[in-house]
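For reference, the structure discussed in these notes is given below.
The values are calculated or read from the model by the stated rules, or taken from the named source; none is laboratory data. Since we're looking at a predicted model, the values are computed, not measured. Virtual Cβ from ideal backbone geometry, glycine too; neighbours counted across all protein chains shown. In case anyone asks, the SASA skips ligands and DNA or RNA and just uses the protein heavy atoms, side chains included. Shrake-Rupley method; radii C 1.70, N 1.55, O 1.52, S 1.80 Å.
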Amino acid sequence: GKERAPIAQAQAPSNGFARLSLNGWVGDGEAEVGQAARQVRQALIESLGGGRCGLILDLSGNGGGNMWPMMGGLAPLYDEGLVEVYDGRGGRTELNVRNGALHSGRLRLPNVDLPPLPARPQRIALILGPQTASSGEVVALGFKGQRNARSFGAATAGATSANQGVHLPSGGVLALTIARLLDRDGVAQQGPLLPDERSERPFEAAAQWLQEQCDGAAETSAP
């Protein structure tokens, strides 16, 4: 079969901005999930090594799989506090970021110690597209309503409410047809995620936005 891309890859900087690809990943079991989260975190740290104030996070090839190592590895990029909510018949599952780690209730997800980021990027540009599906969309939705993040590209697959199994940390599986996904503002996600800026050349659009944001930030911080 085709060689699967690793869950995360630090790419060469795009127009001087750090760039990370986060790919679909299928796997289960605490050790495997913990290892995958570590790979995401290490690739993120590696990508930030060469960047300026911003990060381009490429989700355009992320077709889904197990979301815990994806979101757990990226957790410090999300704002502290509520990130998103599963609202299902069995009650609400709230995902929060506390001290740079992802939690559901008291559970840390995945429950592994990950190295801290050298510095949190001030701005995050997400690249979305029709191949971004299920868990890839869940990762992207976590940034919705976050003031330092903006998305570029095309509408996603719209597979957030398909009958997809989300592996819970307890070992159970949550079937998402019975759950709605809410963003941090409590808005239910219906159908595809739409990028903030539609673009056929999303990497260029993202770099341009980062340039404006980052140059502006540099000027305002000067005495």
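For the range 103-162, what is the convex hull volume of its Cα atoms per residue in Å³?
Dividing the Cα hull volume of the range 103-162 by its residues yields 132 Å³.
Roll a 1.4 angstrom probe over the protein heavy atoms and tell me the percent of accessible area of the chain that is carbon or sulfur.
In the chain, the share of accessible area belonging to carbon and sulfur is 47 percent.
How large is ³J(HN,Hα) for each residue in the range 18-25, as worked out from phi by the Karplus curve 6.51 cos²θ - 1.76 cosθ + 1.60 (θ = phi - 60°), to whole Hz, x for Gly and Pro?
4, 9, 10, 9, 10, 9, x, 8
What distance in nm separates the simple spin-label points at Glu200 and Glu32, each placed 7 Å from Cα in the Cβ direction?
Roughly 4.1 nm, to one decimal.
Kindly provide the helix-only [θ] at 222 nm of the chain, computed as the sum of -39,500 (n - 2.57) over DSSP H runs of four or more divided by all residues, to the nearest 500 deg cm²/dmol?
-7500 deg cm²/dmol
Semi-axes of the equivalent ellipsoid of the range 1-140: what are they in whole Å, largest first, if each equals the square root of 5 times a C-alpha gyration tensor eigenvalue?
Each semi-axis is √(5λ); the values are 23, 18, 15 Å.
Less than 14 Å Cβ to Cβ from Ser135, Lys/Arg counted +1 and Asp/Glu -1: what total charge do the surrounding residues give?
Every neighbour counted, the sum reads -3.
Return the distance in nm (one decimal) between the two label points of a simple spin-label model at Ala188 and Asp215, each offset 7 Å from Cα along Cα→Cβ.
4.4
How would the range 1-65 be classified by its alpha-carbon gyration tensor: rounded, prolate or oblate, with rounded meaning a/c under 1.5 and the a/b versus b/c comparison settling the rest?
Prolate, because a/c is 1.5 or more and a/b exceeds b/c.
Could you give the length gained by full extension between Ala12 and Ala119, i.e. 0.36 nm per residue of separation minus their alpha carbon distance, to one decimal place?
Gain on extension, Ala12 to Ala119, equals 36.7 nm.
Give the long-range amide H neighbours of Val83: residues separated by 5 or more places, or on another chain, with amide H under 5 Å away, using H modelled in the peptide plane at 1.01 Å from N.
Those lying under 5 Å, H to H, from Val83 are Leu95, Asn96, Val97.
Relative to the longest principal Cα axis of the chain, at what angle does helix 30-48 sit, 0 to 90 degrees, rounded to 10?
Orientation of helix 30-48: about 10 degrees from the principal axis.
I'd like the Karplus ³J(HN,Hα) series for the range 134-148: coefficients 6.51, -1.76, 1.60, θ = phi - 60°, whole numbers in Hz, and an x wherever there's a Gly or Pro.
6, 4, x, 6, 5, 4, 5, 4, x, 8, 5, x, 8, 5, 9
Just to confirm, what accessible area per residue do you get for the range 1-135 at 1.4 Å probe, in whole Å²?
Ligands and nucleic acids excluded, the figure is 44 Å² per residue.
Taking the Cα centroid of the range 61-130 and of the range 26-40, what is the distance between the two, rounded to the nearest whole Å?
14
Considering the chain as a Gaussian network with a 10 Å cut-off on Cα pairs, which listed residue, Glu212, Glu197, Glu94, attains the greatest mean-square fluctuation?
It is Glu212.
Starting at the first residue of the range 94-104, write each ³J(HN,Hα) from the Karplus equation 6.51 cos²θ - 1.76 cosθ + 1.60 with θ = phi - 60°, in whole Hz, x for Gly and Pro.
Per residue, the Karplus-derived 3J(HN,Hα) values read 9, 9, 10, 10, 10, 6, x, 10, 7, 9, 10 Hz.
So how far apart, in nm, are the two label points at Glu46 and Gln131 if each is 7 Å from Cα heading toward Cβ?
According to this spin-label approximation, the distance is 1.9 nm.
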